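Contents: one structure, followed by commentary.
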Ligand code: 2DE
Ligand code: MG
Ligand code: MG
Ligand code: MG
Ligand code: MG
């Protein structure tokens, strides 16, 4: 394995982006400012800006043999991190989560009403930044992300799929709630780099595969990790009524799980029972395998790009996603 640290490859740009986001959120209303800047404290994983910046570098190397990132590509990295953070603030209201990134959630600290507003505020500032790019195609690409986030989250709230359609529904939801943001942000930097359709599509699909792997691992860690490591509640999805990949795979081995999935684990003891079925099934292992397949597909998509440090770093990111424990 190449001894490359992906974060090192984009460190100055990531630092610049965090600083700049805080500047853009510098409203005169002091409490709103404090809340809006709360998660941009340099403690986040900054996984999304990392990928977007590395993709911009890799693509610029491919197109014009320079790894200099344009101002508008930087803006895309900023905008996508802001959309992501706004969606997490709302997600924590919806999931009634009390911790995120090892600290109390905005909701926990300031209450639901203000949490909803600060999410809206960050989203509105990101929309202004998006408009300033003066690029209709990029506006469309990143607006699509917001629509997907809402639709993905809505799909998750509950629908009555046929057992046969469940896994498909889960994958579609996962694309919308997680992969779309990464895929479309990668696409946007490719469009801004004047890439042809083939390269643009590869950038999109790289982000899509990384996003799918990322969420599959998130769903797996909900079963196998701990709040003290994740910095957010674990063993939460079942309690929220959500059947994610590990349970859906387990249900293929243990039919008894179907009834529990159908009633969204709402009876006394359902959550514990479901966990024990998952534990004695291949569910976690199968989920890992699927994440690995997406990671491998992401790496394959990079092959057509001109070799560069950034491309190597993107390859490394695809393996890091699988090994992460938080
Ligand atoms: C994370 O899922 C949720 C992501 C999408 C949330 C989208 C919303 C629509 P998880 P964790 C709320 C609104 C969108 C806006 C404001 C742009 O599995 O485990 O709950 O990290 O994530 O809580
Ligand atoms: Mg959540
Ligand atoms: Mg959620
Ligand atoms: Mg989760
Ligand atoms: Mg969750």
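Within the range 151-177, residues that are in contact (Cβ under 8 Å) with a residue 12 or more places away in the chain reach partners that are assigned to a helix (DSSP H, G or I) and exposed (fewer than 15 other Cβ atoms within 10 Å of the Cβ) with beta carbons closer than 6 Å, at six or more positions or on different chains, in the pairs 163/258. Total residues in the range 33-68 satisfying the condition of being in contact (Cβ under 8 Å) with a residue 60 or more places away in the chain and either closer than 19 Å to residue 206 by Cβ or buried (at least 16 other Cβ atoms within 10 Å of the Cβ) (or both): the figure is 21.
To keep it simple, each residue is scored yes or no on (1) in contact with a strand residue (DSSP E or B) (Cβ under 8 Å, 6 or more places away or on another chain); (2) under 20 Å from residue 322 (Cα atoms); (3) within 16 Å of ligand 5 (Cβ to nearest atom).
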| position | (1), (2), (3) |
| --- | --- |
| 206 | no, yes, no |
| 235 | no, yes, yes |
| 239 | no, no, yes |
| 245 | no, yes, yes |
| 264 | no, no, yes |
| 285 | no, yes, no |
| 303 | no, yes, no |
| 309 | no, no, no |
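There is at least one residue in the range 133-150 that is touching a helix residue (DSSP H, G or I) at 6+ places or on another chain (Cβ under 8 Å), within 16 Å of ligand 4 (Cβ to nearest atom) and modelled with pLDDT of 95 or more. Taking the range 155-250 as the region of interest, the helices (runs of 4 or more DSSP H) fully inside it that hold 2 or more residues being more than 15 Å from the chain's Cα centre (by Cα) and either within 13 Å of ligand 3 (Cβ to nearest atom) or surrounded by fewer than 16 Cβ atoms within 10 Å (Cβ to Cβ) (or both) are 197-224, 227-230. Away from ligand 5 (no atom under 16 Å from the Cβ), farther than 27 Å from residue 13 by Cβ and either at pLDDT 95 or above or over 22 Å from the mean Cα position of the chain (by Cα) (or both) - does that describe any residue in the range 87-105? So far as the range 87-105 goes, yes, one or more of its residues are away from ligand 5 (no atom under 16 Å from the Cβ), farther than 27 Å from residue 13 by Cβ and either at pLDDT 95 or above or over 22 Å from the mean Cα position of the chain (by Cα) (or both). Restricting attention to the range 247-260, the residues being more than 16 Å from ligand 5 (Cβ to nearest atom) and either closer than 16 Å to residue 217 by Cβ or out of contact with any helix residue (DSSP H, G or I) (no Cβ under 6 Å at 6 or more places or on another chain) (or both) number 6. Can you pull out the residues in the range 194-226 that are within 13 Å of ligand 1 (Cβ to nearest atom), in contact with a helix residue (DSSP H, G or I) (Cβ under 6 Å, 6 or more places away or on another chain) and in contact (Cβ under 8 Å) with a residue 60 or more places away in the chain? Listed by number, the residues that qualify are 214, 216, 217, 219, 220, 223. Scanning the range 300-326 for residues that are within 18 Å of the chain's Cα centre (by Cα) and not in a loop (DSSP other than H, G, I, E, B) turns up 314, 315, 316, 317, 318, 319, 320, 321, 322, 323. Can we say residue 229 is in contact (Cβ under 8 Å) with a residue 40 or more places away in the chain and in contact with a helix residue (DSSP H, G or I) (Cβ under 6 Å, 6 or more places away or on another chain)? It is false that residue 229 is in contact (Cβ under 8 Å) with a residue 40 or more places away in the chain and in contact with a helix residue (DSSP H, G or I) (Cβ under 6 Å, 6 or more places away or on another chain).
Checking each residue in the range 217-237 for being more than 12 Å from ligand 2 (Cβ to nearest atom) and modelled with pLDDT of 95 or more picks out 217, 220, 221, 223. What about residue 63, is it more than 16 Å from ligand 3 (Cβ to nearest atom), modelled with pLDDT of 95 or more and assigned to a helix (DSSP H, G or I)? No.
Within the range 117-125, identify whether any single residue is within 16 Å of ligand 2 (Cβ to nearest atom), under 25 Å from residue 228 (Cα atoms), touching a helix residue (DSSP H, G or I) at 6+ places or on another chain (Cβ under 9 Å) and at pLDDT 95 or above, and answer yes or no. No, because not a single residue in the range 117-125 is within 16 Å of ligand 2 (Cβ to nearest atom), under 25 Å from residue 228 (Cα atoms), touching a helix residue (DSSP H, G or I) at 6+ places or on another chain (Cβ under 9 Å) and at pLDDT 95 or above.
The values are calculated or read from the model by the stated rules, or taken from the named source; none is laboratory data. Note that the structure is a prediction, hence the values are computed from the model and not measured. As a convention, Cβ positions derive from the backbone with ideal geometry for all residues, glycine included, and neighbour counts pool all protein chains shown.
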